[in-house]
1. Scan the stretch 109-117 and give yes if some residue there is at pLDDT below 95, open to solvent by 80 Å² or more (accessible area, probe 1.4 Å) and part of a loop (DSSP other than H, G, I, E, B), otherwise no.
2. If I ask for residues that are open to solvent by less than 70 Å² (accessible area, probe 1.4 Å) and either in a loop (DSSP other than H, G, I, E, B) or of a type outside the set (S, T, Y) (or both), which ones from the stretch 122-145 would you list?
3. Quick one: what pairs do we get from the stretch 142-171, first residue within 12 Å of K64 (Cα to Cα), second open to solvent by 40 Å² or more (accessible area, probe 1.4 Å) and not in a helix (DSSP H, G or I), C-beta under 8 Å, 6+ apart or different chains?
4. Of all residues in the stretch 83-104, which are under 18 Å from L236 (Cα atoms) and surrounded by 14 or more Cβ atoms within 10 Å (Cβ to Cβ)?
5. Hey, which of the helices (runs of 4 or more DSSP H) in the stretch 1-89, taking only ones fully inside, have at least 2 residues that are modelled with pLDDT under 90 and among the polar types (S, T, N, Q)?
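The values are calculated or read from the model by the stated rules, or taken from the named source; none is laboratory data. If you're wondering where the values come from, they're calculated on a predicted model, not measured in any experiment. No Cβ is skipped: glycine too gets one built from the backbone with ideal geometry, and neighbour counts run over all protein chains shown. Note: accessible area is taken over every heavy atom of the protein model, side chains too, but ligands, DNA and RNA are not part of it. Shrake-Rupley method; radii C 1.70, N 1.55, O 1.52, S 1.80 Å.
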Amino acid sequence: MKNAFDYYTIHARLLPMFVLLLPIGLLLLAWFPATSVWMGVLETIGVPTVLTALFSQLGRDLGKKKESNLFEAWGGMPTDRILLASSTLLDHSTLARYRAKLASLIPDIHFLNETQEMVAPKSAVQVSRTCTNFLREKTRDRERFPLIFAENVNYGFRRNLWAMKPAGLLISALATVGSALPVLIAPSGLSYPVLVVAIGLNVCLFVFWILRIKRDWVRMPAEEYARQLFAACENL
């Protein structure tokens, strides 16, 4: 069993959940700024292994569930498109070199030309997936292929965060309103610097969800992962 605290789990699954739930923490900070309260909260919830594993799976499941929507909007998975004769992810010389290398490594692989791809697009995708599966198995060594792993983590983080966007907008909006309520309900004895920080950060998070978390933001590391994965052809 993999360690629940491995690098991928923390950065691609847990960090999106942390960003999602951060407004709730800021809301609690606005209402209960006392250090003693926060120490009690930390001692109560902490980061136990069970909670960590649960959050990591929630982040993964949300991302996987909506992943097909991303691929549909992009015209297919980047790893499916990168080897196509019509692909714009690679220049023609690099594409030809990768195709030649893969043809020498994988028995009975046959790449289609652009005309053939138009006639049989599913066959073209199947060839790409065969090559993708081959390269994934050959590049599992993180030390030898660090950029492939890094871009996979980047993609997982952005995909999972994008999948949580509706919840993120709702939580940020409610937390912003909730953080401002103490000013109306209990104006005396408040820590106004803490309130300003809590409200300001929640507003920033709300704007961040709207302006930054979009399909194109996820697409960049997805395409870069595909490039790095197939760049391994140079070293196999």
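1. yes
2. Looking only at the stretch 122-145, we keep the residues that are open to solvent by less than 70 Å² (accessible area, probe 1.4 Å), and these are 123-125, 127-128, 130-132, 134-135, 139, 145.
Answer for the stretch 122-145, where residues must be open to solvent by less than 70 Å² (accessible area, probe 1.4 Å) and either in a loop (DSSP other than H, G, I, E, B) or of a type outside the set (S, T, Y) (or both): A124, V125, V127, C131, F134, L135, T139, F145.
3. As it stands, the answer is W162/K214, since those pairs meet every condition given.
4. Scanning the stretch 83-104 gives L83, T94, L95, R97, Y98, R99, K101, L102, A103.
5. 35-45, 49-74
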